[in-house]
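*Asks:* I'd like to ask some things about the structure below.
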Amino acid sequence: TTKVPTPTMTTTTNLQNPRDAVIVQAIRTPLCRARKGGLAKVPPSTLLSAALRGVLLKDPQTRHDQDATDPASSAYLIPPSDVQDICVGNVLSPPTSAVSFRMAALSADIPHTTSLSTTNRQCSSGLQAIANIAHAIQSGSISIGIGAGVESMSSDPMHELYDKFPPQVDWEVVQNCRHSRDAMGCLIPMGVTSENVSKKYRLDRSALDRFAAESHRKAARAQSLGKFRAEITPVGDVSRDDGIRPDTTAETLSKLKPVFDKAEGSTTAGNSSQLTDGAAAVLLMSREEAVKRKLPIWGVWRSY
């Protein structure tokens, strides 16, 4: 016999829960080349301020000096004072970044009554920040929050990180502990990890170059068609990504020398991720709050 489904048997995955954490706005600054790009001289706090302010605007493309300096302005999607918490993901900035980012929120018209924290989960820091806010909404701790991320690789170069801030550990203890190999492996740079992954999965250098060239081609076409425009909030006069190379080909990339394994490596400056300056922010709230405010729901946070 066929068992008739009952309400208790229905999975809750697709049900609309008032405490669902939903995304109602997401925005980013232009992503520019570190040291050589349009944001190279812009401090990370300014990048973050632009993203925090932009994610609260009905029109994120509004320049800071054009409108919305009044927190009560109708240009805002929601009043900045309604944001209850902000979490910012960041890796490279110095310990004082927590203070800088707090000042960034205040300069984005968000009042001191809105709390702010930072998180560092390396490359997943921005995503972790969003997760922290989403989980707070799901648990009922808050109803509205912003998850954000920022890096200025011009201001805080990755290759200088250990020189400026060496790990504060007892090296004798670390090198002689049960997990010493894993502990010392924490010092392996991402470029070497890239080479290790390429060798493990037998990724061919020519395939990597072709993939990189195709990525530039797609990005250049998308930029020329204005596909990125709606997701970018300007920083001063900078409103476009400047790291896309439309003339890149697999042939030109093949002439570049490997950086980390000079003899047999496959990772080059051309087929690797760009060193970038930029910031991004996501405005989340409970489904109940979004419905009450008649805001469009872009997506629902389920898990991380």
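The values are calculated or read from the model by the stated rules, or taken from the named source; none is laboratory data. Note that the coordinates shown come from a computational prediction; the quantities given were computed from them, not determined experimentally. Reconstructed Cβ throughout: ideal geometry from the backbone, glycine too, with neighbour counts over all protein chains shown. Accessible surface is based on the protein model in full, side chains and every heavy atom, while ligands, DNA and RNA are left aside. Shrake-Rupley method; radii C 1.70, N 1.55, O 1.52, S 1.80 Å.
*Asks:* Nearest 5 is fine: what % of DSSP beta bridges in the chain come out antiparallel, could you say?
*Replies:* DSSP beta bridges in the chain are roughly 65 percent antiparallel.
*Asks:* Heavy-atom accessible area of Cys177 with all protein chains present, probe 1.4 Å, nearest 10 Å²?
*Replies:* Here the accessible area works out near 50 Å².
*Asks:* Let me ask something else about it. Sort Trp301, Trp171 from largest to smallest accessible area, using a 1.4 Å probe on the heavy atoms of the protein chains.
*Replies:* These residues rank, largest area first, as Trp171, Trp301.
*Asks:* Using a simple charge model, +1 on the beta-carbon of Lys and Arg, -1 on the beta-carbon of Asp and Glu, nothing else, what dipole does the chain show about its Cα centre, in debye to the nearest 20?
*Replies:* Value, rounded to 20: 880 debye.
*Asks:* Same structure, new question: Keeping every protein chain present and rolling a 1.4 Å probe, give me the accessible area per residue for region 135-180 in Å².
*Replies:* Working: 2890 Å² over 46 residues.
Ligands and nucleic acids excluded, the result is 63 Å² per residue.
*Asks:* While we're looking at this one, here's another question. Which order do Cys186, Cys87 take when ranked by solvent-accessible area (1.4 Å probe, heavy atoms of all protein chains), largest first?
*Replies:* Cys186, Cys87
*Asks:* Would you mind classifying region 226-304 by shape? Square roots of the alpha carbon gyration tensor eigenvalues, ordered a ≥ b ≥ c; an a/c under 1.5 is rounded, otherwise it is prolate if a/b is larger than b/c and oblate if not.
*Replies:* It comes out prolate by the Cα gyration axes.
*Asks:* Taking square-rooted eigenvalues a ≥ b ≥ c of the alpha carbon gyration tensor, is region 157-304 rounded, prolate or oblate, where a/c under 1.5 means rounded and, failing that, a/b exceeding b/c means prolate? Please list the in-between numbers first.
*Replies:* Numbers: a/c = 2.16, a/b = 1.24, b/c = 1.74.
Note, shape of region 157-304 comes out oblate.
*Asks:* Using a 1.4 angstrom probe and counting only protein chains, how large is the accessible area of Ser206 in Å², to 10?
*Replies:* The accessible area of Ser206 comes to roughly 50 Å².
*Asks:* Just from the alpha-carbon atoms, what are the Rg and Dmax of region 110-190 in angstroms?
*Replies:* For region 110-190, the Cα radius of gyration and maximum Cα-Cα distance read 17.5, 49 Å.
*Asks:* Below 15 angstrom from the Cβ of Arg221, what's the summed charge of the other residues (Lys, Arg +1; Asp, Glu -1)?
*Replies:* Within the 15 Å Cβ shell, the charges total +3.
*Asks:* Which shape class applies to region 81-231: rounded if a/c is under 1.5, otherwise prolate when a/b exceeds b/c and oblate if not, where a ≥ b ≥ c are the square roots of the Cα gyration tensor eigenvalues?
*Replies:* Cα axes put region 81-231 in the oblate bin.
*Asks:* Provide the solvent-accessible area of Met158, counting protein heavy atoms only and rolling a 1.4 Å probe, rounded to the nearest 10 Å².
*Replies:* Accessible area, nearest 10 Å²: 100 Å².
*Asks:* Roughly what percent of Cα-Cα pairs across the chain reach past 30 Å? Working shown, then result.
*Replies:* Details: 20280 of 46056 pairs.
For the chain, the share of Cα pairs beyond 30 Å comes to 44 percent.
*Asks:* When the helix-only estimate is applied to the chain (DSSP H runs of n ≥ 4, each -39,500 (n - 2.57), divided by the residue count), what is the mean residue ellipticity at 222 nm, nearest 500 deg cm²/dmol?
*Replies:* Only helices count here, giving -9000 deg cm²/dmol.
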